[in-house]
Amino acid sequence: MASQGTKRKRDSESSDSSIESPLTTVSLETLSTSDEASMIRDIISKINQMDKVNRKATIGIFGKSGEGKSSLLNAVLGKADLLPSGCFGACTAVVTRVEANLEDSKYIAEIELFSKEEWEKELKDLFTVLSDEDETHELFDNAVEKITALFGDDAEKKTLEELKKVDKFAEIETFLSFSKKISKSDVSEFTSEIASYIQHSESSPGDWYWPLVKSVTIKIPGCHELLKHVAFVDIPGTGDCSKIRDDKWKSTLRECSVVWIVSDINQAITNEDSWGILKQCTTELGPGGECKRINFICTKTDDINPPAYIRSARLTRDQLTGDKDQDKTVCILHRNEHAKKRVKGKFEQSHIKKIFNTDNDFQVFTVSSKAFFDTKSNLEPNETEIPNLQDDLRNLNEDITRELTRDNVNKAKGVLYLIQSVQPDTDKETVKMKDQFKESLMKALNELDSRFDNIYSVLEQCLSKGVEKAVKLCVASTKAMIVPNNGRGFHQTLRTLCRNGGRYFPKSRKKLLDLNKALAENLHECLEEDFKQIFPVSGQTGKSVQEEIDKFSVIQSDSADFRSSTLNHIQKFIKTEETKLKALLNREVVEMKKDIYSSIQKTIENEMASCYEKAVAITGPGSMKKRQELIITTVDEKKQDMFNKAKNEVLKKFNNLKLYIKNELESGLKKSMKLSLSQSSKIIDGRLQRD
């Protein structure tokens, strides 16, 4: 079932409160059944493990190296020399994650490497590119960069067989056999040692290991207040043709609940790298992800030439003071406000605006990391806006803390109500309660089933329109992508696209080619608006799956008020367990909806896979034209069946989601009811025993 990947979270959920639970003092020997005692011990154990695991929000950072990402992060965390310039985002291929070390005072790097098998395939692909005659192609430069980074100058001139004979090759194979973790007390030693895994140096080729790295997680001590529940992830512009890194990149994007776009203030509007990457990520961030907010951060605001700016902005004497230092501040603040208006205006016209509900989901900050640390700066600390970003992080941490505390309060309440309910009670109202519970449960499940069926019908209608549109336009979309007007030098790009399963990711993201995404686009477009209502990234729509779960209840407000205090405690216990179940399911729905949305493109990728493999194998004169014809013919022949399969996969996964939610609610609440009534059931009419 599609839900199995998210169900694992349930057993590891923990609290964030530091308050010791008084429940550990409760005597469990008086409880009459091992099930009761076992469940209570389990709940108490989870409560007492509050600080062992914590929930995290992921902040994705877009922006090329040199835009001030490292300096920005240093300023936000209040540590000037924490990350050296260029450390964060220096290598376009590696996903870099920065989070708090909550265990000790050391700086830690956990490095995820390619497996031997993955690297063998990667290396083979690199040498395939190097053997191509078109040595001016960007792919060739990318392959040379990787090979020389690892093996040194002129390594790209060797054949793969020759390279396998050098000592470095065997060293790398051994290197990939072990997990890599770096732990240092001194930050300078730490940054020096991790450099080879995340940075590239053209001046000293060899012994740079980033081509072997999928991702690096950097853990920083002393950032508890800002990073306890937050992790920063650099979202590289990639330019890497590796499917392995591409899959890692996409999965990371889907985790982001907040995105920071970082750009030099002088290029905030024209920066095609930041806006271009963001434009290509709408699927992963919005309907296919969980992004709730975007912060556009203009950096280096104190880097300004006041006389030149005064002329270009036509500032008047009334706006200036005549004091050189004060006028510089006037220029900085004036440009900041102008930049905010222009960036917001561009965002309003962008496609990504569609995935957000209100203007509050997009904020612009104008920051100066240098001025924040400089006590003699023209700017006050608050004018650097670094404190605003810090407050943003604190608020995000506090939101998660409140959510975790609420979960743990419910756990504690559940224990208390259960303890109070497991007392001998011969009141025959127990029969009434059990019958009422069964009736209410079935009624609530049937109502939930009906509401989910309505959602299913909406999805089916949208997808049917999408299939019709996709069938009509897919051949034209395919030709537009793989038969460019200027086909010069395109044969290598097309071959790489086929070798990479239909995708080509050059360093210039504005040239992104993803045939599978293009084929899925019409289905996504027809589905998008209703999908946002059914699975919103934030807020309420009146139609969402989460809201339907929240409506579910077996304990209605007009439920009978039992004379027995024990039965009233049972009712409260069941209500508490219901609340916990719904909270867990609502979080799981976020993960499951990503799988539902991405299934359209995944289905198309699977359907086209054999075609791409055949296209790669085509060689000789006219090979590019033959590849193009094969792909176009395949799309035309498969279109009806392929898009219907994509539609049916979405509907199947949604139906699985419905069944999973219903099953979890039914089994969880039945278990709670059985447990809470087990004590009384032993001394009531034997008819109750057959459950």
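The values are calculated or read from the model by the stated rules, or taken from the named source; none is laboratory data. Given the structure is predicted, the values throughout are model-derived calculations rather than measurements. All Cβ positions, even for glycine, are placed from backbone atoms using ideal geometry, and neighbour counts span all protein chains on display. For the accessible areas, the whole protein counts, side chains as well, though only heavy atoms, and no ligand, DNA or RNA atoms are used. Shrake-Rupley method; radii C 1.70, N 1.55, O 1.52, S 1.80 Å.
Brief remarks on what is shown
- Count of residues meeting criterion [open to solvent by 40 Å² or more (accessible area, probe 1.4 Å), among the charged types (D, E, K, R) and farther than 14 Å from ASP453 by Cβ] in region 654-673: 3
Okay, residues lined up against (1) in a loop (DSSP other than H, G, I, E, B); (2) closer than 30 Å to ALA444 by Cβ; (3) not charged (D, E, K, R):
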{"site": "LYS614", "(1), (2), (3)": "no, no, no"}
{"site": "LEU630", "(1), (2), (3)": "no, no, yes"}
{"site": "PHE643", "(1), (2), (3)": "no, no, yes"}
{"site": "ASN648", "(1), (2), (3)": "no, yes, yes"}
{"site": "LEU665", "(1), (2), (3)": "no, yes, yes"}
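- Selection of first residues in region 305-330 that are touching a residue at least 12 places away in the same chain (Cβ under 8 Å) and of second residues that are open to solvent by 70 Å² or more (accessible area, probe 1.4 Å) and hydroxyl-bearing (Ser, Thr, Tyr), restricted to Cβ pairs under 8 Å at least 6 apart or on distinct chains, gives the following pairs, ordered by first then second residue: ASP327/THR321; VAL330/THR321.
- Exactly one residue among HIS524, HIS569 is modelled with pLDDT of 90 or more and either over 30 Å from PHE140 (Cβ atoms) or basic (Lys, Arg) (or both), and that residue is HIS524.
- Any hit, region 231-245, residues being at pLDDT 90 or above and not in a helix (DSSP H, G or I): yes
- Wholly within region 30-149, helices (runs of 4 or more DSSP H) carrying at least 3 residues that are surrounded by fewer than 20 Cβ atoms within 10 Å (Cβ to Cβ) and modelled with pLDDT under 90: 34-48, 116-130
- Close Cβ contacts (under 8 Å, 6 or more residues apart or on different chains) running from residues in region 249-268 that are closer than 12 Å to PHE365 by Cα and among the β-branched types (Val, Ile, Thr) to residues that are part of a helix (DSSP H, G or I) and open to solvent by less than 20 Å² (accessible area, probe 1.4 Å) comprise ILE261/SER274; ILE261/LEU278; VAL262/LYS69; VAL262/LEU72; VAL262/SER274; ILE265/ASN336; ILE265/ALA339.
- Among the residues of region 249-270, those identified as surrounded by 20 or more Cβ atoms within 10 Å (Cβ to Cβ) and either more than 12 Å from the chain's Cα centre (by Cα) or at pLDDT below 75 (or both) are TRP249, TRP260, ILE261, VAL262, SER263, ILE265, ALA268.
- Residues located in region 284-296, provided they are open to solvent by 30 Å² or more (accessible area, probe 1.4 Å) and out of contact with any helix residue (DSSP H, G or I) (no Cβ under 6 Å at 6 or more places or on another chain): LYS292
- For region 610-641, the candidate set comprises residues that are aliphatic (A, V, I, L, M) and without any contact (Cβ under 8 Å) to a residue 40 or more places away in the chain; within that set, the residue that is nearest to LYS472 (Cα to Cα) is LEU630.
- Test: ASP302 is out of contact with any helix residue (DSSP H, G or I) (no Cβ under 8 Å at 6 or more places or on another chain) and either at pLDDT 85 or above or under 23 Å from ASP374 (Cβ atoms) (or both): no
- The set of residues in region 297-334 being hydroxyl-bearing (Ser, Thr, Tyr) and surrounded by 16 or more Cβ atoms within 10 Å (Cβ to Cβ) consists of THR299, THR301, TYR309, THR329.
- Of all residues making up region 169-227, the number that are among the β-branched types (Val, Ile, Thr), at pLDDT 90 or above and open to solvent by 70 Å² or more (accessible area, probe 1.4 Å): 0
- When region 267-316 is filtered for residues that are assigned to a helix (DSSP H, G or I), touching a strand residue (DSSP E or B) at 6+ places or on another chain (Cβ under 9 Å) and among the β-branched types (Val, Ile, Thr), only ILE277 remains.
- Exactly one residue out of GLY466, GLY487 is over 30 Å from LYS575 (Cα atoms), of a type outside the set (Phe, Trp, Tyr), open to solvent by less than 80 Å² (accessible area, probe 1.4 Å) and modelled with pLDDT of 80 or more: that is GLY466.
- Contact map, region 581-606: first residue of a type in the set (Ser, Thr, Tyr), second residue open to solvent by 30 Å² or more (accessible area, probe 1.4 Å), Cβ cut-off under 6 Å, separation 6 or more or different chains; pairs are SER599/GLU649; SER599/LYS653; THR603/LYS645; THR603/GLU649.
- Condition met for SER610 (hydroxyl-bearing (Ser, Thr, Tyr), in contact with a helix residue (DSSP H, G or I) (Cβ under 9 Å, 6 or more places away or on another chain) and modelled with pLDDT of 95 or more): yes
Yes or no, residue by residue, for (1) closer than 19 Å to ALA518 by Cα; (2) at pLDDT 95 or above:
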position: LEU630; (1), (2): yes, yes
position: VAL635; (1), (2): yes, yes
position: LEU651; (1), (2): no, yes
position: PHE654; (1), (2): no, yes
position: LEU659; (1), (2): no, yes
position: LEU677; (1), (2): no, no
position: ILE684; (1), (2): no, no
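- Here PRO424 fulfils each of the conditions (1) at pLDDT below 70; (2) surrounded by 14 or more Cβ atoms within 10 Å (Cβ to Cβ) apart from (2).
- Of all the criteria given as (1) open to solvent by less than 30 Å² (accessible area, probe 1.4 Å); (2) within 25 Å of SER274 (Cα to Cα), the one not satisfied by ILE455 is (2).
- Condition broken by LYS376, with the remaining ones in (1) open to solvent by 70 Å² or more (accessible area, probe 1.4 Å); (2) at pLDDT below 90; (3) assigned to a helix (DSSP H, G or I) satisfied: (3)
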